[in-house]
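A quick write-up on the structure given underneath.
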Amino acid sequence: SRLPTMAAAAMAVRHARRNRPSATVGENRMEAIRRHEQFWEELEKQNKITKIIRKYDLSKDGKLNKEELGNMLQDLAGGEKPTEEEVVYVLKTADLIDKKIDDHIGPEELETAIDIWHRYLNSKPEIARIFDKYDKNQSGQLEFDELKALLQELNDGKEPEDNEVGGSQGFFLPARASA
């Protein structure tokens with residue numbers, strides 16, 4: 001019986017990795033081998049992305065909506081359910097990076113969304129520490145003056161203009177990230 005195409009591809013990748021060319025192979029051949037390996041690595045990556053999308057795409061539209069993304073982020077966080085703000089943060093940031101604002105995570109954005117989430121999770125203790133330092137009134141938000149003080153520290157002590165902070169309305173951050 002014939003193996004399915006993807007299984008055959010995976011076997012070819014494993015075979016190619018085990019059978020590296022000798023040191024006597026010419027430059028052109030080595031470049032062709034590198035391109036071949038890159039092709040198979042990209043195919044393997046795309047296969048993983050497709051599997052992840054299929055697992056969480058309950059609506060079967062080929063992309064992850066906010067709820068489906070939240071389920072994936074929860075699994076990536078070891079079962080800890082992300083807040084609404086965290087899901088929106090990952091969604092909006094991935095949309096900004098690929099400049100396709102559609103409120104969904106498609107296959108082309110998935111790797112970026114996962115990277116954003118992992119970086120965020122790794123930064124949560126530092127975010128909480130900084131947030132606690134500047135949330136003087138313990139409101140769970142940084143009000144205008146608190147945010148301005150944070151931005152001043154980040155700007156090497158130079159005070160930002162009010163319009164850089166958020167104008168007269170101020171700018172409020174979502175509730176602090178729990179460590």
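Numbers below:
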{"quantity": "Pick from the range 15-55, criterion at pLDDT 65 or above and of a type in the set (Lys, Arg), ranking: nearest to Leu73 (Cα to Cα)", "calculated": "Lys55"}
{"quantity": "Complete set of residues in the range 106-163 that are of a type in the set (Ser, Thr, Tyr) and within 15 Å of Glu86 (Cβ to Cβ)", "calculated": "Tyr120, Ser123"}
{"quantity": "Cβ pairs under 7 Å, 6+ apart, first in the range 32-44 and closer than 16 Å to Pro107 by Cα, second β-branched (Val, Ile, Thr) and part of a helix (DSSP H, G or I)", "calculated": "Glu44/Val13"}
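The values are calculated or read from the model by the stated rules, or taken from the named source; none is laboratory data. It should be emphasised that the depicted structure is a prediction, and the values quoted were computed from it without experimental measurement. We place every Cβ from the backbone using ideal geometry, glycine too, and count neighbours over all the protein chains shown.
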